[in-house]
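Structure record follows, encoded as structure tokens.
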Amino acid sequence: MSKITFKISKPILYTFIVLVIAAAVFPVIELSRMYERYSWKKHTREQAQAKLIGEVNRIQKTILSIEQIPQNLAYVLEFSKPKKEHMNILLNAVVANNDEVFGTCIAFEPYSFDKDTLYYAPYLYKKDGKIVSVNSSDSSDHYFSKDWYLIPKTINKPVWIEPYFDEGAGGGNIILATYSVPFYYYDGANETMKGIVSVDISLDWLSKTVSSIKLFDESYCILVSENGTIISAPNPQWPYNESLFSIADEYRLPSLREIGRNLQKGKSGFVDVGEFGTRRDWWIYYMPIPANNWGVLLVVPEG
């Protein structure tokens, strides 16, 4: 019986050897890349979480201290009946002694302060290093229909109003956020809402605080309101013109919409959002500010 043999040329043999080695090595390389990505993600998430916890706690303390101001003033008004001259003293003390406060107002229900006065809402605010006083009873500013008055009256509890651009005499054409607290009159059996105490804060300090939060050189932060409105972001076109939900539609990023919904529920998380404005993948760690249900997003490029 003749013996059949196969002769393999050296080029084919070398090719075969290379393919065998590649088949063995490539999975190892891919596994290594997957492990590196997992390690980067885990490390970045831990860093982002630690960073935002510290910063959000700092913002939270400031906001809680601001909330305490109108709450204390409402308590004083419920147990005393200050005269007009005393009103300005109270308001002046609030504005002069609290750097974060831009202005403050005591707004009364119709004829509640004076049976002959429909509108009475003294307001003091800062302008050019001075404290200026105005009174809504001196203008056609019907404050009863304004959000800062109507919303806390309707829901019967203190509330942060969505940030707004105030063009009025007190606003000075700046972005403000208002915290409003109802105060009441007790007759021994029933309570009746007597008015609203509010404080306005300029969001400049908060925007600067948020913009200074970084994890890496190319990372940045976005601040959003409870409704998802962008308050602070590196893109100057976004603040007050866009929301997380409109940006999600523009860039076709459903993960951004999910972040917005989770923040409204008081949840935090770490999400791969994919290409976000550039040809790079980005990750976002997000966390709510418990005091007012706003949110901070730390945007990080994938390493």
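The values are calculated or read from the model by the stated rules, or taken from the named source; none is laboratory data. Remember, predicted model here, so these are calculated numbers, not experimental data. Using ideal geometry, Cβ is built from the backbone for each residue, glycine included, and neighbour counts are taken over all protein chains shown.
If only residues of the stretch 201-215 that are touching a residue at least 60 places away in the same chain (Cβ under 8 Å) and under 16 Å from the mean Cα position of the chain (by Cα) are counted, the one that is nearest to Val76 (Cα to Cα) is Ile201.
Flag not set for Asn262, criterion: surrounded by fewer than 21 Cβ atoms within 10 Å (Cβ to Cβ) and in contact with an Asp or Glu (Cβ under 9 Å, 6 or more places away or on another chain). Tell me whether the stretch 30-38 contains one or more residues that are over 30 Å from Lys214 (Cβ atoms) and at pLDDT below 80. Checked against the condition, which is being over 30 Å from Lys214 (Cβ atoms) and at pLDDT below 80, the stretch 30-38 yields at least one hit.
Does Lys41 satisfy the criteria of being assigned to a helix (DSSP H, G or I), modelled with pLDDT under 70 and among the basic types (Lys, Arg)? Working first, answer last.
Details: assigned to a helix (DSSP H, G or I): yes; modelled with pLDDT under 70: yes; among the basic types (Lys, Arg): yes.
Answer is yes for this residue.
The one condition from (1) without any contact (Cβ under 8 Å) to a residue 60 or more places away in the chain; (2) surrounded by fewer than 20 Cβ atoms within 10 Å (Cβ to Cβ) that Glu218 does not meet is (1). Residues of the stretch 73-97 that are in contact with a strand residue (DSSP E or B) (Cβ under 8 Å, 6 or more places away or on another chain) and closer than 14 Å to Leu124 by Cβ: Leu73, Lys84, Met87, Asn88, Leu90, Leu91, Asn92, Val94, Val95, Ala96. Consider Lys81 carefully, then state whether it is in a loop (DSSP other than H, G, I, E, B) and surrounded by fewer than 20 Cβ atoms within 10 Å (Cβ to Cβ). So Lys81 fits the description; yes. Scan the stretch 83-91 and tell me whether some residue there is closer than 30 Å to Leu263 by Cβ and either in contact with a Phe, Trp or Tyr (Cβ under 7 Å, 6 or more places away or on another chain) or of a type in the set (Val, Ile, Thr) (or both). Within the stretch 83-91 (the criterion being closer than 30 Å to Leu263 by Cβ and either in contact with a Phe, Trp or Tyr (Cβ under 7 Å, 6 or more places away or on another chain) or of a type in the set (Val, Ile, Thr) (or both)), the answer is no, since none of the residues qualifies. Can you tell me how many residues within the stretch 84-119 are in a strand (DSSP E or B) and within 16 Å of Val181 (Cα to Cα)? Of the residues in that region, 7 qualify. Regarding Ala248, is this residue touching a Lys or Arg at 6+ places or on another chain (Cβ under 9 Å) and assigned by TED's automatic domain parsing to the domain that holds Lys51? So Ala248 passes the test.
For Ser207, the requirement of being in contact with a Ser or Thr (Cβ under 6 Å, 6 or more places away or on another chain) and in a helix (DSSP H, G or I) is met. Across the stretch 222-256, the qualifying residues are those that are part of a helix (DSSP H, G or I) and polar (S, T, N, Q), and the one among them that is surrounded by the most Cβ atoms within 10 Å (Cβ to Cβ) is Ser246.
Outside the structural domain of Val94 (by TED's automatic domain parsing), at pLDDT 90 or above and assigned to a helix (DSSP H, G or I): does that describe Gln68? Yes.
Per-residue answers, yes or no, for (1) crowded, with 17+ Cβ neighbours inside 10 Å; (2) modelled with pLDDT of 90 or more; (3) charged (D, E, K, R):
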site: Tyr125; (1), (2), (3): yes, yes, no
site: Asp147; (1), (2), (3): no, yes, yes
site: Pro152; (1), (2), (3): yes, yes, no
site: Pro163; (1), (2), (3): yes, no, no
site: Glu167; (1), (2), (3): no, no, yes
site: Gly171; (1), (2), (3): yes, no, no
site: Ile175; (1), (2), (3): yes, no, no
site: Pro182; (1), (2), (3): yes, yes, no
